[in-house]
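Note sheet for the following structure.
A short reminder: the numbers here are calculations on the coordinates, not readings from a lab. As the structure is a prediction and not an experimental result, all values here were calculated from the model. Cβ: placed from backbone, ideal geometry, glycine included. Neighbour counts: every protein chain shown.
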Amino acid sequence: MFTPPFISFADPDGALMLLDEIMKVEVPKVIQTSTGPSMHTSPFRPENDRFWSICSEAGIKLCTHLATVTRYGAQGLDWSEDEVMLGDMDAFQWAFYYGDRPAMETVGAAILQGWFARFPKMQLLLSEQGTVWVPYTIRKLDHAFLMGRRATWGSLDRRPSEYFRDHCFVAPFPDPTHYGWPIDQATDFALAQLDYILQTLSSPADTAAFIVEPVLGEGGYVPANERFFAGLRQRADEHGILLAVDEVQTGFGRTGKFWGGEHFNARPDVLITAKGLASGFPLSAIAASSDLMAKAWPGSQGGTYGANAVACAAAVATYDVIRDEGLVDNSAQRGAQLKEALQLVADKHDQITDVRGLGLMIGNEFRDGDGKPDPATAAAVQQEAARRGLLLLTCGAWGQVVRFIPALVVTSDQVDEAASIWADAVGAVVAR
């Protein structure tokens, strides 16, 4: 795990001594600091100029909390006539806590513009954890002074990296089995939590897109619903946000319709596909309107292996087979047959608490007697089925779901055979 050295500025001389000791071992790429309860801990005070001169020449970046800049950074500093006069600090504290965003923009911009002017080689990495002010303050600070990419913001990556993870936020999916709620209640909750994220973590003006699967794949084969997609479309249209639908697992007939989103009238701005697109050959694709595609930078969608001729030929052949052999309809019919057979097995075993899915994309969820996810039983059944000749995979947050994803050309007899093996495998494991 990458952990930059931490230096406190409560004692400027002590900070210099610590920096010297660190640099004797290795010149760090990043130094992190944050403010404390006293205004005298601000790294932006003139007393620390010598420290930043050394860092500037050595190419060391500063990682600090946003509050270090906006809340304490201005305290005790003398402002020149061409800088903003802050005035009463009590008034500024009120502005910070109660969301006077123009005041925060003014303070942060003035502090850092002066700091960058004194140390032209310095780069700043701003971070903040869990505060509702970040999306508003960062947006305004970005417009005010983050010129020439000399400052970025985010939170430190948990993997070994000196860089900052892009800010992506995950909203709940309407999963009635997970929450133990009716589908409408799960949908209301998911949309309400999305609204909360837009209000607190990722303001609509800073949100590029909603990215969603019509059926959660690795998340447990959980289908979405039409009202959920209608809510996403409404919010996307209201705020000018793109709706990107991930059809990597659900596309090309897998769910009994050509695109999984067709079940829910998804109406995406961007569609992403792969996997079934070329029957195993490495190929993926992005689809969007001509108007939207025209906004992309030239070359931004290129790549060394893009549009491989053999993979593209495989995709054309795959499409022809799906169309000519009626495989979308076959997926719907065989999927209904398979789901009915799997439900009969589940009805005999309390350990299988849900059989769900669309077309030939069906999951069987295992839970224990306390209602908790049971990945051990799911894995045991999956392995027992493999020993009997039926190859399956697990998925879900805990690995508690065993999924069926047969080829689109599967026949009625093959579905019956698979269901029979599944029934025997479940019975064998549960009887142990």
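Annotation note: chymotrypsin sites (Phe, Trp or Tyr not before Pro) in region 163-215 located in DSSP loop regions with a Cβ neighbour count of at most 16 within 10 Å are TYR163, PHE169. Residues ASP350, ASP413, ranked from the fewest to the most other C-beta atoms within 10 Å, line up as ASP413, ASP350. Counting only DSSP beta bridges whose two residues both lie in region 176-324, roughly 40 percent are antiparallel.
Among ASP291, ASP11, the order by Cβ neighbours within 10 angstrom, fewest to most, reads ASP291, ASP11. Label separation (ASP324 vs MET17): 8.2 nm, computed from points 7 Å beyond Cα along the C-beta direction.
Roughly speaking, what is the stretch gain from GLU26 to TYR196, that is 0.36 nm per residue apart minus the C-alpha to C-alpha distance, in nm to one decimal? Please report the intermediate quantities before stating the final value.
Values: separation 170, 0.36 × 170 = 61.20 nm, distance 4.34 nm.
Working it through step by step, the gained length comes to 56.9 nm.
What the Cβ-Cβ distance of ARG227 and ALA428 gives, at R0 = 35 Å and to the nearest 0.05, is a FRET efficiency of 0.30. Across the cross-link table entries LYS24/LYS121; LYS121/LYS295; LYS24/LYS61; LYS275/LYS295, which are compared at the Cα atoms, the separations over 29 Å belong to LYS121/LYS295. Given a Förster distance of 25 Å, report the FRET efficiency between LYS372 and PHE189 from their Cβ-Cβ distance, rounded to the nearest 0.05. Efficiency, from the Cβ-Cβ distance: 0.80. Here the extension length gained between ARG50 and ASP350 equals 101.1 nm, from 0.36 nm per residue of separation less the Cα-Cα distance. You can think of it this way: the chain between ARG388 and LYS295 has 28.2 nm of extra reach, that is 0.36 nm per residue less the Cα-Cα gap.
Remark: spin-label model distance THR411-ALA205 equals 6.3 nm, labels positioned 7 Å along the Cα→Cβ axis.
As a rough footprinting exposure proxy, the listed residues MET361, MET23, MET17 were ranked by other beta carbons within 10 Å of their own, and the order from fewest upward is MET17, MET23, MET361.
Please identify every one of the GluC sites (Glu not before Pro) in region 315-407 that sits in a loop by DSSP and has no more than 16 other beta carbons within 10 Å of its own beta carbon.
Values: sites: GLU325, GLU340, GLU365, GLU384; in loops: GLU325.
Sparse-neighbourhood loop GluC sites (Glu not before Pro): GLU325.
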